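Down below is the structure, laid out as structure tokens.
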Amino acid sequence: MKERIKQKNAIKRKSSSIHFLIWSAFLLFALAIILLFGISQVVIVRRTYMETVSRTLATNGKQIRQELALYEQSGGRDYSMFLISRMQKYGVNAYILDGDGSLLFPEKEELGEEFADFSAKLDFNERMAELKRRLQKESATVGDAILYTYGNDYVYGAMLPSFDGVGDADYLYVFSSVELSKAAVSDIVARTVLIGVFVLVLSFAVSGFISGALVKPLTELTDKAWALARGDFTVDFRGEAYGLEMAALADTLNHARDEISKTDRMQKELIANVSHDFKTPLTMIKAYSSMIREISGENPEKRNKHAQVIEAEADRLTSLVNDLLDLSKMRAGLENLKTERFNLSEYLLDVLEKFSYLTDSQGYVFEAEIEEGAFTLADRSKIGQVLYNLIGNAVNYTGEDKKVKILLKREQSGIRFAVTDSGNGIPPEELPTIWERYYRSSEMHKRPVKGTGLGLSIVKTVLERHDFPFGVDSTVGVGSTFYVLFPIAD
Ligand code: ADP
């Protein structure tokens, strides 16, 4: 009982670990998706944002330059006002700088406080050096413009005729930052969080559903297996809504249940049969010994007859015990096969010799067609048991003509041994069971070779251990042929 509770607890622990496994797998999956989504959002939004910024900067820069030319033509000279109004209109930074990066317009006094602070922080000297370097590389002259990135900024730079008459040229310097705005970033964060919550809820729901669907049938199967272990052979492992694999497992367990119940039934039958077969000779032995003691002890003739019965019954008991021992030793794999190469043709003739007394005394006819010199590789004495049992059965069950045919012939696939009788045959529904231990058809033996009901079981065990093909062809009312295919060992 304690053992069972322990096992049940172990099973419970394992089934909860399935829950845990699936849930953690889904959690990892969800986290990976959220992470991927967040990263892709940042990358995609940033790229589109940069494209838009560079495109609009190019248009805006050009526009400001054209407007500046028009403004000049129309006699406008308040460049500071002009630039400040354009900056507001287009949302960009626009300055006019001289060749060494000094700010010409908008003049410092004209800039608002905040804007002045911003402009003061700009490294105009370096920016100018970079612009000039790039213009030079392009061999640009007055009137030309270029577009490029500088740090986190997109820059539109144009070379213009000198505004203050100092030097050859001044420069229109327009730029926008490509840094994502705070609004854009928080937008991405909000979207990621939203999707994240959704994915998490969904993954918890799905993993809960999957592990439930998996664990429930497992628990059901476990309960049924316990019922089977308690000896209830009526349990049906098939359940509703089982997946393909669970259904396969249920089928396998059903098969195991059938096998166990068969073994259980056979074990009960075996005990019943063995006790019956032991009881009959023992009763006879007891009865005849009493008879010798009480009646026939003085009469040598009768006494001998009675003693013979006792001897015969004791022999029967001995062969029954020997067969049982052989079978259980072989089944338990305690006995190794002593494989050797031997002349099967001669060996079969030796075995047949043991049956020869039946020809003389009881009119049996053995029709033997035995090919000479057929060598095989097997455990000689075990094969002897096989031949003896199969021929013995044919003698026991053959028809009134008392004919038994024996064949040994080389074929492509091996040496075929076959023994045919002209008996009642075996009904097809009994065919699979005749090889089972202690199976016996209702008809009792009335023939010279007494069976123990273990013969075919021994034949099957020996041949299966050798891995030799064997079988039976039987037609009711015509007779049966039992055959074995031995390997050729020339
Ligand atoms: P038994 O000692 O009863 O012959 P076996 O294991 O040798 O035990 O055979 C099992 C059963 O198979 C037999 O009881 C019989 O019903 C059937 N059987 C075996 N050989 C033959 C045969 N040649 N013809 C008909 N039935 C057979």
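The alpha-carbon positions of region 35-187 define a convex hull whose volume is 123 Å³ per residue.
Here the contact order of the chain, divided by its residue count and restricted to Cα pairs under 8 Å and six or more residues apart, works out to 10 percent. Checked against a 32 Å cut-off, the cross-linked pairs LYS279/LYS302; LYS268/LYS305; LYS409/LYS460 give Cα-Cα distances beyond that limit for LYS268/LYS305. The orientation-averaged projection of the convex hull spanning the C-alpha atoms of region 157-268 amounts to 14.7 square nanometres. Quick one: if the Förster radius is 22 Å, what FRET efficiency do SER74 and ASP164 give, using the C-beta to C-beta distance and rounding to 0.05? Using R0 = 22 Å, I get an efficiency of 0.65. Rounded to whole numbers, the Karplus 3J(HN,Hα) couplings from phi for region 148-153 are 7, 9, 9, x, 9, 10 Hz, using 6.51 cos²θ - 1.76 cosθ + 1.60 with θ = phi - 60°, and x at Gly and Pro.
Here LYS402 is the anchor, and the aspartates and glutamates within straight C-alpha reach of less than 14 Å, apart from those fewer than 8 places off in the same chain, are ASP360, GLU367, ASP421. Mean projection of the Cα convex hull over all viewing directions, computed for the chain: 49.0 nm². Computed packing ranks the peptides 72-83, 475-486 as 475-486, 72-83, most packed first, by mean other Cβ atoms within 10 Å.
Look at the dipole of region 215-322 built from charges on Cβ: of ALA307, TRP226, SER261, the Cα furthest out on the positive end belongs to ALA307. Helix 2-73 and the longest principal axis of the C-alpha atoms of the chain enclose an angle of approximately 20°.
Bear in mind these aren't lab numbers, they're just calculated from the coordinates by the rules spelled out. These numbers come from a predicted model, not from an experiment. As a convention, Cβ positions derive from the backbone with ideal geometry for all residues, glycine included, and neighbour counts pool all protein chains shown.
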